[in-house]
Amino acid sequence: LFDALADQAALAIERIQLVDDLDQARLVAETDKLRSALLTSISHDLRTPLAGIMGAAGMLSDYSDELPDESRRDLLATVIEESERLNRFIANLLDMTRIESGMTAPNALPVYLDEMVGAVLRRAQTILAGHRVQVTLPPALPLLRLDPVLFEQVLFNLLDNAAKYAPAQTGIGIDAWRDGSHVTLQIRDEGPGIPEPDLERIFDIFYRVRKTDQILAGTGLGLAICRGFVEAMGGTIRASNRRDHSGAVFTIRLPIPDDDKEPEIQA
Ligand code: ADP
């Protein structure tokens, strides 16, 4: 992961065509800075949940006889939640490494979008429980060729963010429509939205808009994974803000495979 990022930094600097000796020295310094920022970020994301687990497990072990049932349950819940957080972070890191090392050769299986969305909504049930989810999918969407595992992860990450950044009880919309030779899928929320200058940067690894986002159970990897997976499947993903009122919009465009265009024409 570090090497891939160092390469990215090198490429970005080469692209602006300023690579003389002086810039080489700066490049090394920048790469070192990047490495150390990444290490800090990774250790923070590993140590925060681990500290929670150790604290709660320690209390349970030292005071198990004296603690009221309710406190014991709360401590156990902390152990479970923080372990899940750790698990998610490690899974995300592995996904990221898979993309960067080119190990992600996506399967191209025939997939109906409504079935995919249904599966992800079931999986994300607990996360979405505090929000009103509205799904608007037309009945005759063409069959797509996607990797269901990767695509499910993309949808899950976007819904997870919508639920995380938008206040409870607000709406989350999932819409899809045919758009010429593509299918467009949008996930909209009613949260704070994303400042215009950050609309592209949020797809960078470990980039977070607000300092306070660090407190939420995030890894800063979710959207980088989304972009990596969507592009590996031949699609695009971008972020924007709602025009009518506040909220973020994530738009995914996926190509309709040639052999599956027939049924849509007949429909
Ligand atoms: P994180 O694990 O921090 O959520 P992501 O890569 O998924 O990492 O998102 C990167 C950053 O983009 C978040 O920290 C947050 O600042 C911003 N972001 C992502 N989704 C939303 C959203 N739906 N509304 C507002 N901000 C968002």
Practice item. State whether one or more residues within the range 183-202 are over 17 Å from ALA224 (Cβ atoms), more than 16 Å from the ligand (Cβ to nearest atom) and open to solvent by 40 Å² or more (accessible area, probe 1.4 Å). Key: no
Check your understanding: Would it be correct to say that LEU75 is over 26 Å from GLY180 (Cα atoms) and at pLDDT 85 or above?
Key -> yes
Point to revise | Unique match (being basic (Lys, Arg), modelled with pLDDT of 90 or more, more than 10 Å from the ligand (Cβ to nearest atom) and under 15 Å from the mean Cα position of the chain (by Cα)) among ARG238, ARG242 | key: ARG238
**Study point:** Positions within the range 60-81 being outside any helix (DSSP H, G or I) and open to solvent by 40 Å² or more (accessible area, probe 1.4 Å), in sequence order
**Key:** SER64, ASP65, GLU66, PRO68
Practice item. Tell me which residues, restricted to the range 119-163, are charged (D, E, K, R) and either in contact with a Leu (Cβ under 6 Å, 6 or more places away or on another chain) or open to solvent by less than 40 Å² (accessible area, probe 1.4 Å) (or both). Key: ASP147, ASP160
Point to revise | Checking ASN157 against (1) in a helix (DSSP H, G or I); (2) farther than 19 Å from GLU231 by Cα, the condition it does not meet | key: (2)
Practice item. Using the structure shown, decide if PRO167 is without any contact (Cβ under 8 Å) to a residue 24 or more places away in the chain and either more than 12 Å from the ligand (Cβ to nearest atom) or farther than 25 Å from MET233 by Cα (or both). Key: no
Review point. Quick one: in the range 45-59, which of the residues that are open to solvent by 70 Å² or more (accessible area, probe 1.4 Å) and either basic (Lys, Arg) or under 27 Å from ASP204 (Cβ atoms) (or both) is modelled with the lowest pLDDT?
Key: ARG47
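The values are calculated or read from the model by the stated rules, or taken from the named source; none is laboratory data. Remember, predicted model here, so these are calculated numbers, not experimental data. Quick reminder, even Gly has a Cβ in these numbers, built from the backbone with ideal geometry, and neighbours come from all protein chains shown. Quick note on the areas: whole protein, heavy atoms, side chains included, nothing else; ligands and nucleic acids left out. Shrake-Rupley method; radii C 1.70, N 1.55, O 1.52, S 1.80 Å.
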